[in-house]
1. Do we find that Gly219 is modelled with pLDDT under 95, surrounded by fewer than 17 Cβ atoms within 10 Å (Cβ to Cβ) and of a type in the set (Gly, Ala, Ser) in this structure?
2. Could you check segment 14-92 for strands (runs of 3 or more DSSP E) lying wholly inside it with 1 or more residues that are farther than 22 Å from Gly158 by Cα and open to solvent by less than 20 Å² (accessible area, probe 1.4 Å)?
3. Of all residues in segment 134-153, how many are under 16 Å from the mean Cα position of the chain (by Cα) and under 19 Å from Ala90 (Cα atoms)?
4. What single numbered condition from (1) touching a strand residue (DSSP E or B) at 6+ places or on another chain (Cβ under 7 Å); (2) over 30 Å from Asp16 (Cβ atoms); (3) not aromatic (Phe, Trp, Tyr) fails to hold for Met46?
5. Filter segment 178-190 down to the residues that are in contact with a strand residue (DSSP E or B) (Cβ under 6 Å, 6 or more places away or on another chain) and aliphatic (A, V, I, L, M), then identify the one that is surrounded by the fewest Cβ atoms within 10 Å (Cβ to Cβ).
6. Report every pair of residues separated by at least 6 positions or lying on different chains whose Cβ atoms are under 8 Å apart, first residue within segment 103-130 and in contact (Cβ under 8 Å) with a residue 40 or more places away in the chain and more than 15 Å from Ala92 (Cβ to Cβ), second part of a helix (DSSP H, G or I) and open to solvent by 80 Å² or more (accessible area, probe 1.4 Å).
7. Of the conditions (1) open to solvent by 30 Å² or more (accessible area, probe 1.4 Å); (2) over 21 Å from Asp112 (Cβ atoms); (3) touching a residue at least 12 places away in the same chain (Cβ under 8 Å), Tyr208 fails just one. Which one is it?
8. Can you pull out the residues in segment 222-231 that are among the aliphatic types (A, V, I, L, M) and either open to solvent by less than 80 Å² (accessible area, probe 1.4 Å) or modelled with pLDDT of 90 or more (or both)?
Amino acid sequence: MAKLAKRVQKIREGVDSKTLYVLTDAISMVKERAVAKFDETVEVSMNLGVDPRHADQMVRGVVNLPNGTGRDVRVAVFARGAKADEAKAAGADIVGAEDLLEIVQGGKIDFDRVIATPDMMPLVGRLGKVLGPRGMMPNPKVGTVTMDVAGAVKASKGGAVEFRVEKAGIVHAGIGKASFDAKALEENIKAFADAVIKAKPAGAKGNYVKRVAISSTMGPGVRIEPSSVTA
């Protein structure tokens, strides 16, 4: 335990929790401190000036990161016939209809993202209590309820990231790996921030982007000067 505390302390050295760093410096600091034995995920979090309890202040969307996420995303598709064949050809990991419903109801959720054709939504709707809390419920607003299942599968595999504001007004997502070069991480972070800004709801008043921070899986959060991300 003492060894772990010492390691955590060493990783946090040089990071001032009150200082706002420019994005390039923050990325360098996060990369330098990602010293775990695995390739740590780099995550960005944004505190927004919204209250998601109000429908007109909900922030939700999807962004295709220019450099991908670095993780293998497993995709499940609810489709029948030709659309099921298209999904399989595009690289979907699991494709089905009632059979897939039974698998999910049985508690086996061996996937990260769910896509469905519109005609399958009455069936998928029965899984709301299972998929909803996991943030996996297909939604036309983020392109996961669509007839273009092949395009949706390829986007999911290629770096599409969904985001949805949480109760405290925070939106966050994994936007790459510590092994990515600094430029790739910078481009991904800016693309994510741009998508969040474009998703600004009509009911948002005052300062929309309040705080921005990035961190690696095991590293400390590094606060960023918002203007260096949103410019």
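1. Spelling it out, it is not the case that Gly219 is modelled with pLDDT under 95, surrounded by fewer than 17 Cβ atoms within 10 Å (Cβ to Cβ) and of a type in the set (Gly, Ala, Ser).
2. Where strands (runs of 3 or more DSSP E) fall fully within segment 14-92 and carry at least 1 residues being farther than 22 Å from Gly158 by Cα and open to solvent by less than 20 Å² (accessible area, probe 1.4 Å), they are 41-48.
3. 6
4. (2)
5. Residues of segment 178-190 that are in contact with a strand residue (DSSP E or B) (Cβ under 6 Å, 6 or more places away or on another chain), as a first pass: 178, 185, 188-189.
Applying the additional criterion that residues be aliphatic (A, V, I, L, M) yields 178, 185, 189.
Values: Ala178: 22, Leu185: 28, Ile189: 24.
Ranking the candidates gives Ala178 first.
6. Leu123/Glu98
7. (1) is the only condition that Tyr208 fails.
8. Selection gives Val222, Ile224, Val229.
The values are calculated or read from the model by the stated rules, or taken from the named source; none is laboratory data. Owing to the predicted nature of the structure, the values given are computational and were not obtained by experimental measurement. Heads up, the Cβs are rebuilt from the backbone with ideal geometry, glycines too, and the neighbour counts pull from every protein chain shown. SASA here: full protein model, heavy atoms, side chains in, ligands and nucleic acids out. Shrake-Rupley method; radii C 1.70, N 1.55, O 1.52, S 1.80 Å.
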